[in-house]
1. Name the single residue that is nearest to Ile73 (Cα to Cα) among those in region 158-180 being open to solvent by less than 30 Å² (accessible area, probe 1.4 Å), among the small types (Gly, Ala, Ser) and at pLDDT 85 or above.
2. Filter region 19-63 for residues that are farther than 19 Å from Leu134 by Cβ, assigned to a helix (DSSP H, G or I) and of a type in the set (Val, Ile, Thr); which is least open to solvent (accessible area, probe 1.4 Å)?
3. Given the options Val15, Val79, name the one that is at pLDDT 85 or above and in contact with a Lys or Arg (Cβ under 7 Å, 6 or more places away or on another chain).
4. Kindly check whether there is at least one residue in region 64-71 that is among the aromatic types (Phe, Trp, Tyr) and farther than 21 Å from Trp190 by Cα.
5. Taking Tyr161 as the residue in question, decide whether it is under 20 Å from Glu71 (Cα atoms), free of Cβ contacts under 8 Å to residues at least 60 places away in the same chain, among the hydroxyl-bearing types (Ser, Thr, Tyr) and touching a Cys at 6+ places or on another chain (Cβ under 9 Å).
6. For region 124-148, what are the residues that are touching a Lys or Arg at 6+ places or on another chain (Cβ under 8 Å) and part of a loop (DSSP other than H, G, I, E, B)?
7. Mind checking which residues of region 64-115 are among the hydrophobic types (A, V, I, L, M, F, W, C), surrounded by 20 or more Cβ atoms within 10 Å (Cβ to Cβ) and farther than 25 Å from Gly132 by Cα?
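The values are calculated or read from the model by the stated rules, or taken from the named source; none is laboratory data. For clarity, every value in this text was computed on a predicted model and none was experimentally measured. Using ideal geometry, Cβ is built from the backbone for each residue, glycine included, and neighbour counts are taken over all protein chains shown. These accessible areas exclude ligands, DNA and RNA; they are computed on the full protein's heavy atoms, side chains included. Shrake-Rupley method; radii C 1.70, N 1.55, O 1.52, S 1.80 Å.
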Amino acid sequence: MKKGTERLEAFSDGVFGIALTLLVLEFHIPEPVESINNGMLLGELRALWPSLVAFSISFAVVLIMWINHHELIGLVRKVDYPLLYTNGGVLLTVTFVPFPTTVLARHLGTPAANASAAFYCATFFCISLTWGALLAAITWKRRLVKAEVTDATLARIRQAYITGPLVYGLSVGLALWHAVAGLALCTSLWLIWMRLCYGSKEAAI
């Protein structure tokens, strides 16, 4: 097995790109029937607001996960099978994101909004667990970590990865009570991934 991370990164980038592309498929173009007029078309486009909300949230989250993945793999000095398999677990959950996005888009403006939001938040709870496994595969006894990466950097990343599942789990319960509140808490974790994980010079950009 080659020690470099180039193939792992290239394959992962492709999967992230496909996941981002699939998100847009939720938008359904209004049919050009003979009876349609400007007002009807504008009304149908306005009715797509749940799809726009779900698409925007998921696109932003997957984009941040891709950046997070780039930074995390930047800490790696070599690749082994535990890393490949746990990375595969992350990619598995990333490719699943379009499904809960579709569920959220179709039910956000309905009486089933709470269930759809809870399912959406639960998906990211599961995703956060796969990221924790990937981090463990890399950092356990520093076996794959580059020598120049400090223990302080690893501690900061671990703290963020511990916080993630806790907040996502809370967002599931909150979404069952109030869909928008649960989604807001779920998406607030963007700040954790953007600021807590890689706020040092060791992060590879």
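1. Gly164
2. So the first thing to find is which residues in region 19-63 are farther than 19 Å from Leu134 by Cβ, and the list is 20-60.
Next, from what is left, pick out any that are assigned to a helix (DSSP H, G or I): 20-26, 38-46, 49-60.
If we keep only those that are of a type in the set (Val, Ile, Thr) too, we end up with 21, 24, 53, 57.
Details: Thr21: 91, Val24: 70, Val53: 56, Ile57: 25 Å².
Here the residue is Ile57.
3. Working: Val15 fails: in contact with a Lys or Arg (Cβ under 7 Å, 6 or more places away or on another chain).
Answer to the check: Val79.
4. Looking only at region 64-71, we keep the residues that are among the aromatic types (Phe, Trp, Tyr), and these are 66.
From what's left, farther than 21 Å from Trp190 by Cα: none.
No, region 64-71 has no match at all.
5. Working: under 20 Å from Glu71 (Cα atoms): yes; free of Cβ contacts under 8 Å to residues at least 60 places away in the same chain: yes; among the hydroxyl-bearing types (Ser, Thr, Tyr): yes; touching a Cys at 6+ places or on another chain (Cβ under 9 Å): yes.
Considered against the rule, which asks whether it is under 20 Å from Glu71 (Cα atoms), free of Cβ contacts under 8 Å to residues at least 60 places away in the same chain, among the hydroxyl-bearing types (Ser, Thr, Tyr) and touching a Cys at 6+ places or on another chain (Cβ under 9 Å), Tyr161 comes out as yes.
6. Pass one, region 124-148, residues touching a Lys or Arg at 6+ places or on another chain (Cβ under 8 Å): 135, 139, 144-147.
Those that are touching a Lys or Arg at 6+ places or on another chain (Cβ under 8 Å) and part of a loop (DSSP other than H, G, I, E, B): Leu144, Lys146, Ala147.
7. Leu104, Ala105, Leu108
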